[in-house]
1. Treat the stretch 157-220 as a sphere of radius equal to its Kirkwood radius over Cα pairs and apply Stokes-Einstein at 37 °C in a medium of 0.692 mPa s; give the translational diffusion coefficient in µm²/s, rounded to a whole number.
2. Run the simple label-point estimate for residue 346 and residue 156 please: 7 Å along Cα→C-beta, distance reported in nm.
3. Taking each pair of distinct Cα atoms in the stretch 303-358 once, what is the resulting Kirkwood hydrodynamic radius in Å?
4. Give me the Kirkwood hydrodynamic radius of the stretch 26-167, using the inverse of the mean 1/r over all pairs of distinct Cα atoms, in Å to one decimal.
5. First check a/c for the stretch 151-273, with a ≥ b ≥ c the square roots of the eigenvalues of its C-alpha gyration tensor; if it is under 1.5, answer rounded, and if not, answer prolate when a/b is larger than b/c or oblate otherwise.
6. From Cα coordinates alone, what are the radius of gyration and Dmax values for the stretch 194-381 in angstrom?
7. Rounded, prolate or oblate: pick one for the stretch 215-308, where a ≥ b ≥ c are the square roots of the eigenvalues of its C-alpha gyration tensor, a/c under 1.5 means rounded, and failing that, prolate if a/b is larger than b/c, else oblate.
8. In whole percent, what relative contact order does the stretch 26-167 give with Cα contacts below 8 Å and a gap of six or more residues?
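Since every read-out is calculated from the coordinates, none of them should be taken as a lab result. Predicted, not measured: the structure shown is a model, and the values here were computed from it. Cβ coordinates were reconstructed from backbone atoms using ideal geometry, including for glycine residues, and neighbour counts include every protein chain displayed.
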């Protein structure tokens with residue numbers, strides 16, 4: 001009887017040890033870019049992005065990785081996105097201006113659909129680690145942070161995310177491709193040297209009030225790399241930039257005027273510049289050097305995400321075609337294929353960049369009459385605005 005008991009106890013220990021090994025094999029330790037040790041499932045295929053940057057970078061690995069969205073897509077954005085993720089639930093963002101993620105809602109979704117991990121990408125600020133630890137404790141779901149702040153972070157961010165997802169080969173492919181664009185841009189700008197093209201970037205026009213993205217803005221890293229932003233240094237951290245009067249703008253003399261495509265009406269800001277007598281005071285406008293920055297395809301080309309690299313390809317070739325010597329249309333089509341899994345047609349590219357290429361954009365109308373210019377400047381003088 002004693003031998004039977006001993007044998008039974010031995011079997012129990014062996015069973016417990018086997019179960020322990022099985023449980024250990026189901027998880028792995030992952031160290032994120034904040035140095036936090038996070039226990040993840042061995043297989044990660046159900047991810048919730050926190051923030052638009054995390055969402056679009058995760059999408060580059062494939063739509064099959066999504067458990068939820070951070071935020072939904074507009075009709076214009078959906079044109080470029082796989083339909084199977086259109087209607088996924090939205091969990092919002094943990095950080096930034098739109099902090100809408102709620103622990104109880106995330107927990108409820110985890111019970112319903114299963115969430116392997118919540119990820120965030122961006123600048124590694126002091127508040128992020130404690131915030132993630134708190135949400136992780138409340139929800140029981142792993143939270144991981146990956147740094148993608150500056151252009152030079154992009155290569156490593158794809159390697160890290162590829163490791164987290166267990167998609168190392170895809171991570172290496174994206175790291176090589178995106179990192180190659182970054183390297184090429186820096187190398188070519190060294191060849192350009194100090195003779196950089198000057199520009200201003202208009203993000204909004206409201207009567208005689210103008211928003212411009214200032215030099216050194218977080219949202220202007222690529223713009224500032226390939227050109228010389230002659231707008232004053234950025235004051236606000238907003239992607240909309242700082243507020244100026246028309247009188248202030250008219251005192252500038254950039255080689256190029258870049259203007260954001262409007263989120264609410266196609267080409268509204270571009271048309272406002274090209275059709276206004278006052279704007280023709282600027283030689284760049286008078287000579288037709290006004291170019292629209294594509295928007296919502298599926299994101300603005302200047303947003304602080306990896307897709308801003310298409311702006312480096314575009315503006316580098318526009319400003320310095322003898323240095324950035326390639327067929328820019330082919331480069332953009334290739335980018336959409338690699339990054340968005342999207343086969344861009346020539347017709348679609350022409351529509352997106354209707355006012356972004358010399359051969360397809362409208363030319364400026366004749367210079368405005370002197371009387372009209374003087375009247376316009378006088379009116380602008382009434383709207384000298386205090387910069388926020």
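1. Roughly 217 µm²/s, to the nearest whole number.
2. Going by the 7 Å Cα→Cβ label model, 4.3 nm.
3. When all Cα pairs of the stretch 303-358 are included, the Kirkwood radius is 11.7 Å.
4. 15.1 Å
5. Prolate.
6. That works out to 16.2, 53 Å for Rg and Dmax.
7. The shape class here is oblate.
8. Answer for the stretch 26-167 is 26 percent.
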